[in-house]
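Everything on this sheet refers to the single structure shown next.
Rule-based calculations on the coordinates, nothing more; no lab input. Since the model is a prediction, treat every value here as computed from it, not as a measurement. Counting neighbours? That spans all protein chains shown, and the Cβs are built from the backbone with ideal geometry, glycine included.
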Amino acid sequence: MYKIVFKCIIISFFLLSPIILFAQNDSVCIKRIPHQISVEFGYRNSFYQNTYLLANGTYALFDVAGKVIPGQLFNSATNGIGILADYAWQLGGFNNKKPAAYLSIPMGYSILLPDNPASKRISMLNYGWTIRHNLATNDKKIIPFIGYGLFLNNMSVDGVPGSVSGHQTQFEGGVNFSTATKLQYFVKLQGSYSSYPKLGYAKSLHFMYADLRFGVRL
């Protein structure tokens with residue numbers, strides 16, 4: 001039992017605290033990889049969406065009993081808010097001679113609010129991996145960056161039993177603003193595409209989003 005617990009602790013340490021090796025004058029120097037925690041919040045717009053695909057190729061909302069809501073062939077919940085936090089490890093640019101790159105594990109939650117009384121609120125939980133590349137070294141006051149993310153996405157609609165899972169691909173670009181402390185503030189614009197496959201249908205459910213986010217890094 002103690003051996004199992006000890007192995008779990010060792011594995012967790014290496015997963016949460018990666019290390020890097022440097023060769024210096026025929027010796028090996030072990031350093032912990034720098035990490036960065038980010039929290040962001042902002043506005044989301046869905047400029048293309050469809051909610052549930054019917055056998056005839058149209059889209060509709062279902063009520064709690066599983067029946068199609070008459071006349072409601074499109075769920076117009078297109079504007080909302082989102083929040084996300086991630087834990088990132090630095091992959092390069094350790095000596096500030098080159099711009100840094102980061103690999104992160106994010107988790108976020110977003111909602112789209114109804115545009116009219118007939119539509120329903122849509123909720124989305126996403127988590128996965130992101131890669132972020134700075135376009136300037138960390139000693140600069142203003143650091144532009146670009147990024148790419150691949151997420152698993154779970155979507156639910158108010159009044160509709162269950163949820164549906166799919167994937168989300170995301171691209172982003174923004175600017176970090178350095179301060180006299182370790183804190184960095186940032187603003188970014190991101191676009192993403194989500195797809196939710198459904199067995200028995202030739203087409204999938206598709207959503208496209210544009211987000212304007214503000215946040216802080218530590």
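The slack in the chain from residue 111 to residue 96, taken as 0.36 nm per residue of separation less the alpha-carbon distance, amounts to 1.6 nm.
If a spin label sat at a point 7 angstrom from the Cα of residue 141 along the line to its beta carbon, the backbone N atoms of the stretch 160-199 nearer than 18 Å would be those of 175-187.
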